[in-house]
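The values are calculated or read from the model by the stated rules, or taken from the named source; none is laboratory data. Remember, predicted model here, so these are calculated numbers, not experimental data. Glycine gets a Cβ as well: all are built from the backbone with ideal geometry, and neighbour counts include every protein chain shown. Surface areas here come from the heavy atoms of the whole protein model, side chains and all, with no ligands, DNA or RNA. Shrake-Rupley method; radii C 1.70, N 1.55, O 1.52, S 1.80 Å.
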Amino acid sequence: VSLTLGWLGGAARGGPPAPFGGRCGFDCCSFFLSFAREISMAARLLRAVVLGPPGSGKGTVCERIAKSFGLQHLSSGQFLRENIKANTDVGTLAKQYLESGLLVPDHVFTRVMMTELDKMQTQPWLLDGFPRTLGQAEALDKICELDLVISLNIPFETLKDRLSARWIHPASGRVYNMEFNPPRVPGIDDITGEPLIQREDDKPEAVAVRLRKYKDAAKPVMELYKNRGILHSFSGTETNKIWPYVYSLVSSKIPPIQAEEVN
């Protein structure tokens, strides 16, 4: 504040901005521009999405972004599980589809997400795994304008290996990978001690079909956001190698709340 007042005082007298003269070499213009930018970006409610096929590491990337930038991590799968557990109207409807071995249709899934997003109008957030289809993207357009869409492009063989080694705790949605993130006791959830399961569509014979369905549904969504100039794609086989580039991108939109850590 004293520097600002001194600079203004010097300018008001028709003289040079005394505190920012040659003695300290302080660049006042850069200071004020940077300060104004950080104030502006901090005040913005960033709306971002992370997209990617099953097994691409969306959850891990979202957790790191949320921690580094103070965004609310909104997991579509978690919201669905919470609604089912709470026996809400939409949760009961979704449960009927799942118990019949069917995918939750667009209109039900979208209803879950719109209800949850309506509660987040005053907070910056990061969507994990939504929208997955063009219909969901169009529904999202009606309630907000996205600032950033991150797409994770992982080779098919890597995805197949990850999914085939993946086991989950059904009640919480916690995910384990038997190769690089195994449970402490094989087949048992670390937190509850309850048994883990492997989803039918994570089994090797089902993975190819699942990935093909994702690709077909996601293509028009990617095109939509690409045409708007907000889609940023990152390719690789390891989340730790992709992460620094994701961090740099998000840093260009809002300032981090903590320095980048080695992950």
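Which value, in debye to the nearest 20, describes the size of the charge dipole of the range 101-196 about its Cα centre when Lys and Arg Cβ atoms bear +1, Asp and Glu Cβ atoms bear -1, and nothing else is charged? Don't skip to the end; give the middle numbers.
Working: 9 positive and 14 negative charges, 44 e Å.
About 220 debye.
Run the dipole for the range 156-263 about the Cα centre, Lys and Arg Cβ at +1, Asp and Glu Cβ at -1, nothing else charged, and hand back the magnitude in debye, nearest 20. Walk me through the intermediate numbers first.
Working: 16 positive and 15 negative charges, 105 e Å.
My answer is approximately 500 debye.
Tell me the trypsin sites (Lys or Arg not before Pro) within the range 135-233 that lie in a loop according to DSSP and have at most 13 other beta-carbon atoms within 10 Å.
Working: sites: LYS142, LYS160, ARG162, ARG166, ARG174, ARG184, ARG199, ARG210, ARG212, LYS213, LYS215, LYS226, ARG228; in loops: LYS142, ARG174, ARG184, ARG199.
Listed in order of number, the matching sites are LYS142, ARG184.
Leaving ligands, DNA and RNA out of it, rank CYS144, CYS62 by accessible area with a 1.4 Å probe, largest first. All intermediate terms of the calculation are to be shown ahead of the outcome.
Values: CYS144 25, CYS62 0 Å².
So, going from the largest accessible area down, we get CYS144, CYS62.
How far is it, in nm, from the label point at LEU98 to the one at GLN258 when both lie 7 Å from their Cα along the line to the Cβ?
Calculated label separation equals 3.1 nm.
Roughly how much of PHE180 is accessible, in Å² to the nearest 10, using a 1.4 Å probe?
Roll a 1.4 Å probe over it and PHE180 shows about 140 Å².
Indicate, rounded to the nearest 5 percent, the antiparallel portion of the DSSP beta bridges found entirely in the range 118-263.
Antiparallel bridges make up about 60 percent of those DSSP assigns within the range 118-263.
Please tell me which of these pairs span more than 21 angstrom C-alpha to C-alpha: LYS142/LYS226; LYS160/LYS241; LYS160/LYS213; LYS67/LYS160; LYS67/LYS253; LYS203/LYS226?
Values: LYS142/LYS226 18 Å; LYS160/LYS241 19 Å; LYS160/LYS213 14 Å; LYS67/LYS160 28 Å; LYS67/LYS253 15 Å; LYS203/LYS226 32 Å.
LYS67/LYS160; LYS203/LYS226, as the Cα separations exceed 21 Å there.
Taking all protein chains as present, what is the carbon and sulfur share of the accessible area of the range 82-157, in % to the nearest whole number, probe 1.4 Å? Display every interim value, and only then the final one.
Values: 2090 of 4050 Å².
Using a 1.4 Å probe with all protein chains present, the range 82-157 comes out at 52 percent carbon and sulfur.
Looking at the range 80-157, which GluC sites (Glu not before Pro) are DSSP coil and have at most 11 other C-beta atoms within 10 Å of their C-beta?
Working: sites: GLU82, GLU99, GLU116, GLU138, GLU145, GLU157; in loops: GLU145.
Here the GluC sites (Glu not before Pro) that fit, given the DSSP loop and packing criteria, are GLU145.
Quick one: of the DSSP bridges fully inside the range 46-193, what percent are antiparallel, nearest 5?
Numbers: 5 of 17 bridges.
Just about 30 percent of them are antiparallel.
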